[in-house]
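Worksheet for the structure shown next.
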Ligand code: HEA
Ligand code: HEA
Ligand code: CUA
Ligand SMILES: [Cu+2]
């Protein structure tokens, strides 16, 4: 826009402005953003560029967190202390948890949302493109804080990713780094989520009502809502921790009328919704992949939406199941037990709907489909072990043992992470314009599947037999299964190198160019644009006919 | 696919086959509660296995039959209200079937009334202290496994005992068939008091008292490990309970009471410097070596006491830091005045520190204000 | 294109690449490092913290400057306007949740932990038997004596001030939508003044508490929740006042039209939110 037009309309009403400016704007928007070199990434406002940044960042963090996990598993291969001092082992556990949760899984989903949401709902970009950039660029400083903290006196935070006081009040400077890193991560999550919610609520293509948008958009909407609700709560919790550490407050100290358990309440009011923040987007991804490869509409769309919302609401009422061992009165014990068990109902609805989607389908088993099916089986196992933990008396036997570690790696690794691999294979053709190697994709899947189970299935046995978590050394009767898990972990890690190589080779041309619609069963809007998706898409919203045609094939539009 | 399915079947099968081996499942139950827990767990596992096989049986049927390579055509149905209602209601009913027996056990677990014996278990970094509130004596219970078995950094170390990491110097002793109430609390950070075979786990929270109970049915020795991350040596603070006959218990108590009387430091005793230092070395070895090391050189985040400013400076600061702690240094206010005076005297005259002075119990007492 | 409902405006405004976000990240990184160092008495920390804060201010001025320019240039169509409204609403929701954490801490300590330490319970009998809980006077067994803040002194005056400021702000808004620019400017100016007055009184109150009442951050659960809640609230009043001053400056420059003044509205929403938080605070922190 030139200065003259600017001067002409200082205080015009909005409707008129739209008329007056449309054409030179279109021109404007199409060309900024095509910057070269580092500026393209550092100053980015394009949702695809930012999405790419998120995805690479999260994968890098996955490797970092994974190497820490291998550090843990190496020490636990045998009883006795082989490699690390116990305090360093605790730092590894803590940073592994924090980095995987906040650095790998959450940014990966935000990255997917950035890349795909505007494409899928027919929007030109995210609602707040500049803020979007900030959401991303707060992550590297946060990660840097966590990694730098390994080198400060006293080392990194070593109180577990849950940072329970008073242990975390005792700790050294590394804990302050972790606290501030969490502040930055929280700010990033809140801004990213506001962007997602606003984009979904305000920028859908004509004809796409809320109950007709892709399931992935629904799950991201509820996820973003959860995150806006709980990220500030976590910020509050760690702020109290900080003032207890340095400014003499007594939030978590009985000597001043506070209570260490107060922290656990606040943490888990954040923490339980947080686990669904890592699960719901995975549900969304699977709900896109399964219909595509079953070549059938998603079964029970509306009940899926209700289920997602029900999970969103229930997840605020179950936090106490992480605290069954703190000594609640029986009433609280029962309340949290019942509410937690209730979550199995909407989750079950989702599982059944997915299976009904596959029933009588015309299935093919490309890599994304394999990961979706792997997700389905293993997530359900993780859900079932969750249910076992939800029974308060049984949790008394299993709390803080490796059973819990087994449970949450089934839902996080075989759940969230597998769905992310599925999503990556599913959309790689759209991102890069090339097809990935199906053979190596399948090898990646089967290798991961087998190694995953070798790593994490034995942990259930360890937990049942009573092995506590977060220990660097263990009694002799736990040796066999620990050795197994350690071997599995290294195998599992190796499989991820295959994924990395496959992705890089796809970017460099893969096994050939991808068509706009590489999967014949895909009917959402992202398949209407070219592969690779041009830098700017849907600058004018898709016309209603296109939208409706797609919706009809997804079973969302009748007549 | 086939590989996966047979793998899963194998895993499921083997988990049942090994159900009696306590490496695969709960340790043999010694109390009603532990047995209830195992029963609920088995019941739930049964339901879950049935659901899993049914649901995934359907899925794998579809995967094998409804595939393009067999020429199967997609049938684009995508709704069926009755089915959807059914698969919401039926799981809800199943859940009630699970929750009901569990709720009863919750109530039983929480019922700590009418205990015959009350023991207070206090978590310390990193050992447990026990107070027999009814009999008026107390003792500390520490890991017995020597460091030489644990630390294998440079060599495989000494061969590990059968009870590696699970043995303590002084176990808790309780009579058989008696309802014992355990009160838990902590001196520093959160710990957790656990005996799997009793179905008991209770966090020990500093500044608060929580309770739990058990009634052991068999004599024997039962072991658990602290299960709330409590810092460096979280993995090294086991809990050992020795269940004995009523008579044996009575004997043990009277012996304990007598020993406690004998061992109690006479508050009016006039300590000489050498006595204090000798006593202090014992206190040091049982409390401080874990961090500051036997040679007083520390390591990692733990500062050396040899030549340290505080250990060679004014005694007030030295007493202060031991009493109140600082950052990762715990507060040792739980030790007696004599013990603190002794350990400080020891530190000020060892590891090459030649302060020459020493601290009397009454100075410590005054410093507590 | 569907201009009538505006929601399907074909040309959603997408800003050009911008350096402000990365500047903001650098600022926050410096502040985080600086604060962590400063709190552990590492010398350079303070300066890093200050430098980070300065960069942050630069970023805020630059970024909002860009936004104001774009708004003035008419780049923001109706759909952008809707986005901004959603965005601001969700932001305020996140703020509500932040305060909820601290209110949660207040209710928990008052209702659960202080009574447990202070009355019959095993905890009281075995560990703190010499302590009697009275809220707020003695919230912990190891807390120095202090006096609690009285509700019907300065705090009540501050309540009146904030309520009035809410009214004057709404009055200014009426002026804006009805085209009476004088009323807009006057209303805004009064609101800003009331905001400053509130902050002054709060400063006096804090000074009094600290120096004469023995009430400080270390005064047990009461002191902690009191200062954290009122302190964060005060910070929000400060931010709100700065936002409103900016709006006043823009009003003086002739910005805002009857229909198109979301910047003003956003600041007003924020102010009302801060107002409501104060009311809850007044009831639960000062009064009851
Ligand atoms: C993606 C993350 C994720 C997800 C989705 C879940 C899902 C669930 N979790 Fe999990 N959980 C974690 C991540 C997650 N969890 C983490 C990270 C921890 C540990 C934190 C820490 O301490 O560090 C944890 C810990 C944890 C505990 C505390 C254990 C302890 O520390 O003592 C409990 C206890 O109740 C629990 C329960 C559940 C339940 C009931 C579900 C349910 O949502 C599961 C529901 C799903 C199903 C049940 C399967 C499908 C359903 C059907 C096929 C229908 C039919 C079924 C029936 C009728 C039975 N989880
Ligand atoms: C959110 C996701 C997430 C993910 C993806 C993972 C992934 C893994 N996790 Fe972890 N984990 C958590 C979240 C996650 N975890 C959390 C929240 C905790 C609790 C922390 C706490 O107690 O506070 C935890 C705790 C935890 C423990 C318990 C530690 C303890 O109690 O002391 C263990 C132990 O085995 C473990 C193992 C692993 C392994 C082997 C993987 C593997 O899947 C990792 C695989 C990846 C790689 C290995 C990296 C990729 C490969 C390379 C870089 C190439 C180099 C490799 C080779 C040459 C082999 N995790
Ligand atoms: Cu004590 Cu862990
Ligand atoms: Cu949970």
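Just so you know, all these numbers are worked out from the coordinates, no wet-lab data involved. Please read these numbers as outputs of a predicted model, since none were measured by experiment. We place every Cβ from the backbone using ideal geometry, glycine too, and count neighbours over all the protein chains shown.
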- Message: Helix C:78-108 against the longest principal axis of chain C: what's the angle in degrees, Cα atoms only, rounded to the nearest 10?
- Response: 0 degrees
- Working from Cα positions, state the angle (0 to 90°, nearest 10) between the long axis of helix B:81-110 and the longest principal axis of chain B. 30 degrees
- Query: Mind checking Rg over Rh on the stretch A:239-312, alpha carbons, Kirkwood formula for Rh?
  - Reply: 1.33
- Euclidean distance between Cα centres, the stretch A:279-305 to the stretch A:383-404, Å: 29 Å
- Note on the structure: Quick shape summary for chain B, equivalent ellipsoid via Cα gyration tensor, semi-axes whole Å in descending order, reads 54, 27, 19
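Please report the relative contact order for chain A, taking Cα pairs under 8 Å with a sequence separation of at least 6, and give it as a percent rounded to a whole number. Show your work: numbers first, answer last.
Details: 894 pairs, mean separation 93.2, N = 559.
This gives 17 percent for chain A.
Going by how many other Cβ atoms sit within 10 Å of their own, how do C:66, B:134 line up, fewest first? Let's see the in-between values first.
Numbers: C:66 15, B:134 11.
Starting with the residue having the fewest Cβ neighbours, the order is B:134, C:66.
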- Task: Whole Å is fine, so just give me how far the alpha carbon centre of the stretch B:322-369 lies from that of the stretch A:88-147.
- Result: 49 Å
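Given a cut-off of under 8 Å on Cα pairs at least six residues apart, what relative contact order in percent is computed for chain B?
Working: 560 pairs, mean separation 46.9, N = 369.
Relative contact order comes out at 13 percent.
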- Item | Gap separating the Cα centres of the stretch C:167-191 and the stretch B:156-220, nearest whole Å | 69 Å
- Over the alpha-carbon set of the stretch A:459-520, work out the extent along each principal axis and list the three values in angstrom, largest first. 56, 23, 18
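From the Cα gyration tensor of the stretch A:325-412, with a ≥ b ≥ c the square roots of its eigenvalues, which class applies: rounded if a/c is under 1.5, or else prolate if a/b is larger than b/c, or else oblate?
Numbers: a/c = 4.88, a/b = 2.10, b/c = 2.33.
It is oblate, given that a/c is not under 1.5 and a/b is not larger than b/c.
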- Rank the residues C:18, B:227 as a footprinting-exposure proxy: fewest other Cβ atoms within 10 Å of their Cβ go first. C:18, B:227
- Message: Can you tell me which of B:60, B:358, B:26 moves the most in a GNM of chain B? Springs connect C-alpha atoms under 10 Å apart.
- Response: B:60
- Relative contact order, percent, of the stretch C:18-75 when contacts are C-alpha pairs under 8 Å separated by at least 6 residues? 35 percent
- Across 20 Å bins from 0, what is the distribution of all Cα-Cα pair distances for chain A, in whole percents? 20, 55, 22, 2, 0
- Considering only DSSP beta bridges where both residues belong to the protein assembly as shown, give the percentage that are antiparallel (nearest 5). 70 percent
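Based solely on its DSSP helices, what 222 nm [θ] is calculated for chain A when runs of n ≥ 4 H residues each add -39,500 (n - 2.57) and the sum is averaged over all residues, nearest 500 deg cm²/dmol?
Helix contribution divided over all residues of chain A: -22500 deg cm²/dmol.
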- Task: Name the most mobile residue of B:286, B:148, B:192, meaning the one with the largest mean-square fluctuation, in a Gaussian network model of chain B with Cα contacts below 10 Å.
- Result: B:148
- Query: So for A:447, C:271, fewest C-beta neighbours within 10 Å to most, what's the order?
  - Reply: A:447, C:271
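Based on the alpha-carbon gyration tensor of chain C and its eigenvalue square roots a ≥ b ≥ c, which shape applies: rounded if a/c is under 1.5, prolate if not and a/b is larger than b/c, or oblate?
On the way: a/c = 2.22, a/b = 1.77, b/c = 1.26.
Prolate.
Assign one of three labels to the stretch B:273-367, namely rounded, prolate or oblate, based on the Cα gyration tensor with a ≥ b ≥ c the square roots of its eigenvalues; rounded applies when a/c is under 1.5, prolate when it is not and a/b is larger than b/c, and oblate otherwise.
Numbers: a/c = 1.39, a/b = 1.18, b/c = 1.17.
Judged from the Cα gyration tensor, the stretch B:273-367 comes out rounded (a/c under 1.5).
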- For the protein assembly as shown, inverting the pair-averaged 1/r of distinct alpha-carbon atoms gives a Kirkwood value in Å of 32.5 Å
- Message: I want to verify a result. In a Gaussian network model of chain B, Cα cutoff 10 Å, which of these has the top mean-square fluctuation: B:142, B:75, B:160?
- Response: B:75
- Message: Counting only other chains, and only Cβ atoms inside 10 Å, what mean value do you get across the residues of C:117-129?
- Response: 4
- Task: Give the angle, between 0 and 90 degrees and rounded to the nearest 10, that separates the Cα long axis of helix B:32-65 from the longest principal axis of the Cα atoms of chain B.
- Result: 40 degrees
